[in-house]
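The structure appears below as structure tokens.
The values are calculated or read from the model by the stated rules, or taken from the named source; none is laboratory data. In this text the structure is predicted, and so the values were computed from the model without any measurement. Neighbour counts run over all protein chains shown; Cβ positions are idealised from the backbone, glycine included.
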């Protein structure tokens, strides 16, 4: 396979984070991993939505008090910038969550289109599944992460609702939907995504990961990178979304963090599935899968194909070992409309990201540098200052364990305290707290 020395670099490099990953000499997994993607939530009926609203109004004991804990965080320099909404407000802007406003759905809930009345801003409202601990955990992690981390390639969290039993998140609206909508299973009349746009999306996604891995301290492991979580604006600028599975990475002498295996089938790194040991290199593998999807136009798991081609990575592995065969991976829908050199370099990057040995996979900063040379219109972005994640204290240790521990006991403890960390501004004047870094 090619190495990164093939890509000349005239840019000034940013200092890298030390690589303390332990080598894993196990053989590449021989069998498909077990299904680990979360179940989809059932769609509530209209009369159920009305019942949800009545319960939200009549359950004051279940209303979180996030502003109380947010003030504690503000005192330590970690400000919560997200706005708090009531369920009535979000029901109004989505027309009571009508079907015609539904723009997508996933394992944790459904997403509706709406428009804020005061600012006339178009937004996407994600209503989480109320059943189960996992939905609450995702809600709390997402508010925490996206309130502390801001980057042009991360989706912007505008606000949230923790009203009674309801848990909703309000994001900026991304008009072109997800990468999956423009790449996979296209309708007959839809034109395939052009090669340069594919490489632009890859670069944007890599820059989002670079911010999480190299700017956040400790690093943040995304853990759910996939084509459906990469959202696009009108100019095909890509942003990472859905941070419910994110975790704080290893610090000090630690080489990994231990975790229950969570993610989406086909995108998870094989060593993480085998051992539960999570590192930033797990995200690199997932990025390699997404890049392979961009190159081939194939789904990572496609049961409609012949048995040997159903798993994209397994099918591609033999070709990735032989550079003369790289053109076999090109999406046939492109009809050869791509620079041959660019294709070879993109495949070489994907091959390195998908290496069976985690320690051999490249750093995300190297991936960004390599992809930059495949995007002639790319302009250098200013170097961002590091972002310190909240420091563990007696007051916030249980809240932060949401990001640091997946055990049932610790998660329940974290959720109990996070309810106190919650926010109920129904009877208080609303104000936005500026993000401080």
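For the reader, a short list of remarks on this structure follows.
- Scanning region 91-128 for residues that are assigned to a strand (DSSP E or B) and in contact (Cβ under 8 Å) with a residue 12 or more places away in the chain yields a total of 18.
- Residue within region 186-195 that is at pLDDT below 90 and outside any loop (DSSP other than H, G, I, E, B) present: no
- The listed residue being within 18 Å of residue 179 (Cβ to Cβ), more than 26 Å from the chain's Cα centre (by Cα) and either at pLDDT 95 or above or in the same structural domain as residue 272 (by TED's automatic domain parsing) (or both), out of 312, 334: 334
- The listed residues are 198, 167, and the only one of them that is in the same structural domain as residue 87 (by TED's automatic domain parsing) and in contact (Cβ under 8 Å) with a residue 12 or more places away in the chain turns out to be 167.
- Within the option set 157, 183, 140, being closer than 18 Å to residue 208 by Cα, surrounded by 22 or more Cβ atoms within 10 Å (Cβ to Cβ) and in contact (Cβ under 8 Å) with a residue 12 or more places away in the chain holds for one residue only, 157.
- The listed residue being within 25 Å of residue 375 (Cβ to Cβ) and under 13 Å from the mean Cα position of the chain (by Cα), out of 208, 244: 208
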